[in-house]
Amino acid sequence: MIKSVMVMNTQGKPRLSKFYEYQPVEKQQELIRSVFGVLCSRADSVSNFIEADSIFGPDTRLVYKHYATLYFVFVFDSSENELAMLDLIQVFVETLDKCFKNVCELDIVFSYSKLHTILDEIIFGGQVLETSSAEVIKAVEEISKCWKRPQVLSHLSPSQFLVGEVGSIG
Amino acid sequence: MGSQGGFGQSKEFLDLVKSIGEARSKAEEDRIVLHEIETLKRRISEPDTPKRKMKEYIIRLVYVEMLGHDASFGYIHAVKMTHDDSLSLKRTGYLAVTLFLNEDHDLIILIVNTIQKDLKSDNYLVVCAALNAVCRLINEETIPAVLPQVVELLGHSKEAVRKKAIMALHRFYQKSPSSVQHLVSNFRKRLCDNDPGVMGATLCPLFDLITIDVNSYKDLVISFVSILKQVAERRLPKSYDYHQMPAPFVQIRLLKIMALLGSGDKQASENMYTVVGDIFRKCDSSSNIGNAILYECICCVSSIYPNPKLIESAADVIARFLKSDSHNLKYMGIDALGRLIKTSPEIAEQHQLAVIDCLEDPDDTLKRKTFELLYKMTKCTNVEVIVDRMIDYMISINDNHYKTEIASRCVELAEQFAPSNHWFIQTMNKVFEHAGDLVNIKVAHNLMRLIAEGFGEDDDNADSQLRSSAVESYLRIIGEPKLPSVFLQVICWVLGEYGTADGKFSASYITGKLCDVAEAYSNDETVKAYAVTSLMKIYAFEIATGRKVDMLPECQSLIEELSASHSTDLQQRAYELQAVIGLDARAVEIIMPSDASCEDIEIDKNLSFLNGYVQQAIEKGAQPYISENERSGMLNISNFRNQDQHEASSMHSLRFEAYELPKPSMPSRIPPVSLASTTELVPVPEPSYLRETQKVASSPSVSNADSSELRLRLDGVQKKWGRPTYSSSETSTSSSTSQKTVNEVSKVDGTGTVNSKAHDNSYSSRKPQVEISSEKQKLAASLFGGSSKTDKRGSTVGHKAGKASSHAVEKPQTTKAPVKSTAVETIVVQPPPDLLDLGEPTVVSSSPPSVDPFKQLEGLIEPTQVTSSVNHGVVGANKSPDLMGLYVETAESGPSTDDANPLSGLTNSDFKNAHEGIATQLSKGPNTKHSLEKDALVRQMGVTPTSHNPNLFKDLLG
């Protein structure tokens, strides 16, 4: 299963971190830091795989991909295939690119919760849920529809309705 | 900009992100974030915060926590938000709680109710959000609360919901298999879902289930094969294509599952051959995902029952991977090679240069993977090169985790395949020197024990040679600064036991060195303890031999210093030393016998030697001894005692049983009777235990390996260096013809090539051949040549057995002779049938062959080709048969091996093995003629052993 997804920039600032098994906040920071430590020491031409036992414990591998100013990192165990995970990163980034029209670090920084929504449609509970970026976008759009015009649930009372009506701020 | 697409945040948040982004130092960033936390704390607890504001605050909290700051003050607000009816707020709430809370958090109880309600919602988006939360927030205790709803959702009309419900159920299974045990049939059912996405999702839990229990899912083999076939044939809707590959993730899962189901199951495997072969043919190797599937095919092929055609395809793909410029593919290639050589070891040879390129690649990941491969293909022929490389690499890296791993691998390989005692000691020295503190303490004890017990040769000469070489090497190393503690302990112990044994070094020289160590590492009490005890041993041996002891002044001052030490252990040792020095030679000899660390001692538990004293005391009117049982019976506390035993842990009453013995740090076989060894039982210092446990905590697998592999590997060691008599007696008891035993035994003795003469010989015979080529080829030859020289082991063994037979005379007939240049009367020799029963080493070189005269004839010719090439240094180039007479016997080891092996791919290597063996054997083997004749006789009598077992050779070669 996939244990963690991280996005960080080339300075080591985390832009997104998601752990599919609970890690306390301090531990998360430590993991992010050590992953960055390994990543920034690697040359461009080398492989995208790292055996991550020393960071995440036994039977963990790490696949990363470097896009412009960002590192996308997936951590997983031996039940996944490294090359396939590399492509999953590709799916994730492609989806982001389609959602944001030429995605850049700023989009990711400013659309923190959308990022999570997209990721949740690709990876679910540590397993690959969907690998077609078109499907992911469809699902995300469906959700964001009610983000814009909060969907009224059938059992809502009027007072709740008023509150829920407020849309997003441009 | 996309950020406005419904997910936008307020200007405040954007400003926060911006200012953090512009922060120049960590301190500045922290200041900004702390300020933000203050703001949030204030705002969030304001009574009338509008909900949309609240939503944003929660997102900001998540953000703050991602930056490593505590946001726990807001958790409750996130929980509250999940109760909201607006989907966007609810989702934000769920997102926040899944990121904030672990499944055992106190607040979870407040969410379970909401989740239950949401799972029943009409809006599938709400259901999905709840399912998402379920995966992260539900623990073993709360599973029953949501389980019925989740199971119900398996039949939901939306496939997205069904898919997520399956995955949630899978997650439950991972967390607590027992709670969903009765529901696993649902996974099977959903495999037939009409939505391919749902079907694909069931493969994840099925994979887990099959991993645990293969046999209950064998019936699904046909289904999996047919699903894979349909997927590969593009029967799925186009929307499942990814980069022109049909549902690649589904294919990968299915191949993984098939690898499990086909492992060791010929029938199941046969069902898979066609579809895997099809994928090999069809798969697009230009895309990343295509290669991922190809890699998975190789894994599958190497796991299921071998099929030559598929192995060939797999080898082709590996070749392509390794030749690729992409490091990723090289990495996959190396990994795949490591899997495939288990079934077909000869494949490695084709790729030797590529593998060496990877070994020298700047990419660390690739390098490590390659070391892993080398580790898997280590044999006694290439162990030196591989371990040397590993040690070089180990020295070059700083990563302690990996250093530990590679050090323990070096130790393991060295123990298993050491070609000579000398090499073994040298290797261990290097490992200790560079990674001493990372090596398990047991390894050190193992080394001491090996030096003490000798390596199983019966002649003491070899043992003492070994010890002197160890002593010499330690004296060379001892002066180097900053040696690891563990290593110093070994050094001190060996110097104490054997420093003066061969008379080469004087007692004052050794004691001087020991004092230097104690002084240089004055804050390491364990080392000091070892040093003092070693000093005592040296002096005791001196006294015992009647020499006069002049204690060096520095030694004197050391002892004085230690007798006032804070450590009672050191004090005791110092006083003991002083006491021993004061005794006469006879007494010293009794309490400190020389080289007695391995003697077994008998403990007189009845203390009968005290009888006289007791008798005397009784005569003088002392009370006779009343045994413990009677005494407790008299005091009527036996019940109490029993009770105490039962509830020992919970009761605070007096304990009647003795304290547990402290764990001795020395192997227990070192007899406690001789004073030297008793005091040697240095309590392992706290830090080393600590380190061990830490390791356990951080990496259970490594420590597992530690416990199983780094433990004093007595059996292995015993057998490896075991005395010939020892192993043969063992074999004669296990007279069953089971291949396994034979195999094992023969292997054991195979490693017995430790016999230094044989080794030297083979080594020198290999060298000239190697020097011809470039450095890389040299390396390749030493690494991979070995893979084809397995039988060398066999033949040297033959020699060894021949030698052994001179003292272990019981079964000389079994030592089938290796080649001797003159003894060539018999042509092809069948091994006597009793070979199997006796399990003598020769089985290695000559497996029970089927009597196929034609094959034997073949055997006669082919090895000569090979062997003749030996002389030219080019394998298999020359076909002159003139050396035939000389090498006739190779037929018996080479081709007969082949006969028993259905994978004819091995032939070549076997021949090479044979010639290697010959090369080493040319000059030796006085017994061979005799045994050859005997074998011939047996054959004439028409006895033909018939058992075939390809596995035998797989083991030997792989």
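The values are calculated or read from the model by the stated rules, or taken from the named source; none is laboratory data. Being a predicted model, the structure only gives us computed values, none of them experimental. Counting neighbours? That spans all protein chains shown, and the Cβs are built from the backbone with ideal geometry, glycine included.
Against the condition facing chain B (nearest Cβ under 7 Å), surrounded by fewer than 23 Cβ atoms within 10 Å (Cβ to Cβ) and either at pLDDT below 85 or touching a helix residue (DSSP H, G or I) at 6+ places or on another chain (Cβ under 9 Å) (or both), how does A:F110 come out, does it pass?
yes
Give me a count of the residues in the range B:327-371 that are closer than 19 Å to A:L86 by Cα, among the polar types (S, T, N, Q) and at pLDDT 90 or above.
1
May I ask you to list the residues in the range A:16-31 that are modelled with pLDDT of 90 or more and more than 8 Å from chain B (Cβ to nearest Cβ)?
Within the range A:16-31, A:F19, A:K27, A:E30, A:L31 qualify.
Which of (1) hydrophobic (A, V, I, L, M, F, W, C); (2) touching a helix residue (DSSP H, G or I) at 6+ places or on another chain (Cβ under 6 Å); (3) at pLDDT 90 or above does B:L34 not meet, given it meets every other one?
Single failed check for B:L34: (2).
Which residues, counting only those in the range A:40-53, are in contact (Cβ under 8 Å) with a residue 12 or more places away in the chain, of a type outside the set (D, E) and either at the interface with another protein chain (Cβ under 7 Å from one of its Cβ atoms) or over 16 Å from A:E82 (Cβ atoms) (or both)? First the steps, then the outcome.
Of all residues in the range A:40-53, those in contact (Cβ under 8 Å) with a residue 12 or more places away in the chain come to A:40, A:44, A:48-50, A:52.
With the extra rule that they be of a type outside the set (D, E), the set shrinks to A:40, A:48-50, A:52.
Residues satisfying the conditions are A:C40, A:N48, A:F49, A:I50.
Residues that are more than 30 Å from B:R339 (Cα to Cα), touching a strand residue (DSSP E or B) at 6+ places or on another chain (Cβ under 9 Å), surrounded by 21 or more Cβ atoms within 10 Å (Cβ to Cβ) and of a type outside the set (F, W, Y): does the range B:239-255 have at least one?
The answer is no, given that none of the residues of the range B:239-255 is more than 30 Å from B:R339 (Cα to Cα), touching a strand residue (DSSP E or B) at 6+ places or on another chain (Cβ under 9 Å), surrounded by 21 or more Cβ atoms within 10 Å (Cβ to Cβ) and of a type outside the set (F, W, Y).
Please state which of the following conditions B:S157 fails to meet, knowing it meets all the rest: (1) hydroxyl-bearing (S, T, Y); (2) within 11 Å of chain A (Cβ to nearest Cβ); (3) surrounded by fewer than 16 Cβ atoms within 10 Å (Cβ to Cβ).
Single failed check for B:S157: (2).
Among the residues of the range B:439-446, are any assigned to a helix (DSSP H, G or I), without any contact (Cβ under 8 Å) to a residue 40 or more places away in the chain and surrounded by 19 or more Cβ atoms within 10 Å (Cβ to Cβ)?
Scanning the range B:439-446 turns up no residue that is assigned to a helix (DSSP H, G or I), without any contact (Cβ under 8 Å) to a residue 40 or more places away in the chain and surrounded by 19 or more Cβ atoms within 10 Å (Cβ to Cβ).
On the given criteria, is B:T114 under 25 Å from B:S72 (Cβ atoms) and touching a His at 6+ places or on another chain (Cβ under 7 Å)?
Spelling it out, B:T114 is indeed under 25 Å from B:S72 (Cβ atoms) and touching a His at 6+ places or on another chain (Cβ under 7 Å).
Would you point out the residue of the range B:371-388, among those that are part of a loop (DSSP other than H, G, I, E, B) and of a type in the set (S, T, Y), that is farthest from B:Y402 (Cα to Cα)?
Looking at residues that are part of a loop (DSSP other than H, G, I, E, B) and of a type in the set (S, T, Y), I get B:T381.
Please determine, by comparing only the residues of the range B:209-253 that are within 12 Å of chain A (Cβ to nearest Cβ) and of a type in the set (G, A, S), which one is nearest to B:G277 (Cα to Cα).
At the first step, the residues of the range B:209-253 found to be within 12 Å of chain A (Cβ to nearest Cβ) are B:210-211, B:236-243, B:245-253.
Add one more test, that the residue is of a type in the set (G, A, S), and what stays is B:239, B:247.
Numbers: B:S239: 25, B:A247: 18 Å.
Looking at residues that are within 12 Å of chain A (Cβ to nearest Cβ) and of a type in the set (G, A, S), I get B:A247.
Within the range B:107-149, take every residue that is without any contact (Cβ under 8 Å) to a residue 12 or more places away in the chain and within 14 Å of chain A (Cβ to nearest Cβ) and give me the one that is nearest to the chain's Cα centre (by Cα).
This residue is B:K117.
Yes/no per residue for (1) surrounded by fewer than 22 Cβ atoms within 10 Å (Cβ to Cβ); (2) within 24 Å of B:P593 (Cβ to Cβ); (3) at pLDDT below 85; (4) of a type in the set (D, E):
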site: B:E480; (1), (2), (3), (4): yes, no, yes, yes
site: B:S485; (1), (2), (3), (4): yes, no, no, no
site: B:L488; (1), (2), (3), (4): no, no, no, no
site: B:C492; (1), (2), (3), (4): no, yes, no, no
site: B:A501; (1), (2), (3), (4): yes, yes, yes, no
site: B:K504; (1), (2), (3), (4): yes, yes, yes, no
site: B:L514; (1), (2), (3), (4): no, yes, no, no
site: B:T526; (1), (2), (3), (4): no, no, no, no
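Within the range B:393-437, count every residue that is away from chain A (no Cβ under 14 Å), charged (D, E, K, R) and either surrounded by 23 or more Cβ atoms within 10 Å (Cβ to Cβ) or in contact with a Ser or Thr (Cβ under 7 Å, 6 or more places away or on another chain) (or both).
2
Out of the range A:92-102, which residues are of a type outside the set (S, T, N, Q) and surrounded by fewer than 21 Cβ atoms within 10 Å (Cβ to Cβ)? Full working, then the answer.
Here is the first cut: in the range A:92-102, the residues of a type outside the set (S, T, N, Q) are A:92-94, A:96-101.
Matches in the range A:92-102: A:V93, A:E94, A:D97, A:K98, A:K101.
Give the residue, chosen from A:D120, A:D87, that is within 10 Å of the chain's Cα centre (by Cα), of a type outside the set (A, V, I, L, M) and closer than 19 Å to A:K18 by Cα. I'd like the intermediate steps shown before the answer.
Working: A:D87 fails: within 10 Å of the chain's Cα centre (by Cα).
Only one candidate passes the filter, namely A:D120.
Return the residues of the range A:113-131 that are facing another protein chain (nearest Cβ under 7 Å), small (G, A, S) and in contact (Cβ under 8 Å) with a residue 24 or more places away in the chain; say none if nothing qualifies.
A:G125
It is to be established whether one or more residues within the range A:87-105 are within 27 Å of B:G290 (Cβ to Cβ), within 7 Å of chain B (Cβ to nearest Cβ) and assigned to a helix (DSSP H, G or I). Break it down into steps so the answer makes sense when it comes.
From the range A:87-105, those within 27 Å of B:G290 (Cβ to Cβ) are A:87-99, A:103; that's our starting set.
Imposing the further condition that a residue be within 7 Å of chain B (Cβ to nearest Cβ) reduces the set to A:87, A:99.
Those left that are additionally assigned to a helix (DSSP H, G or I): A:87, A:99.
Looking for residues that are within 27 Å of B:G290 (Cβ to Cβ), within 7 Å of chain B (Cβ to nearest Cβ) and assigned to a helix (DSSP H, G or I), one finds at least one in the range A:87-105, hence yes.
I'd like to check which helices (runs of 4 or more DSSP H) are fully inside the range B:176-271 and have at least 2 residues that are among the aliphatic types (A, V, I, L, M). Working first, answer last.
On the way: elements: B:185-190, B:196-212, B:221-232, B:248-262.
Passing ranges, in order: B:196-212, B:221-232, B:248-262.
Of these, B:S508, B:S565, B:S557, B:S597, which one is at pLDDT 80 or above, touching a helix residue (DSSP H, G or I) at 6+ places or on another chain (Cβ under 8 Å) and of a type outside the set (D, E, K, R)?
Exactly one residue qualifies, and that residue is B:S565.
Can you tell me which residue within the range B:294-327, out of those that are free of Cβ contacts under 8 Å to residues at least 12 places away in the same chain and at the interface with chain A (Cβ under 10 Å from one of its Cβ atoms), is farthest from B:A259 (Cα to Cα)?
Taking the candidates together, the pick is B:D325.
Quick grid of which residues meet (1) within 11 Å of chain A (Cβ to nearest Cβ); (2) within 50 Å of the chain's Cα centre (by Cα):
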residue	(1), (2)
B:E22	no, yes
B:K41	no, no
B:M54	yes, no
B:R60	yes, yes
B:M66	yes, yes
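Any residue at all in the range B:512-526 that's out of contact with any strand residue (DSSP E or B) (no Cβ under 9 Å at 6 or more places or on another chain), aromatic (F, W, Y) and not in a helix (DSSP H, G or I)?
Scanning the range B:512-526, I find at least one residue that is out of contact with any strand residue (DSSP E or B) (no Cβ under 9 Å at 6 or more places or on another chain), aromatic (F, W, Y) and not in a helix (DSSP H, G or I), so the answer is yes.
Can you pull out every residue in the range A:75-86 that is surrounded by fewer than 23 Cβ atoms within 10 Å (Cβ to Cβ), more than 9 Å from every other protein chain (Cβ to nearest Cβ) and in contact (Cβ under 8 Å) with a residue 60 or more places away in the chain?
A:D77
From B:L353, B:L450, B:L373, which residue is within 14 Å of another protein chain (Cβ to nearest Cβ) and aliphatic (A, V, I, L, M)?
Matching residue, one of B:L353, B:L450, B:L373: B:L373.
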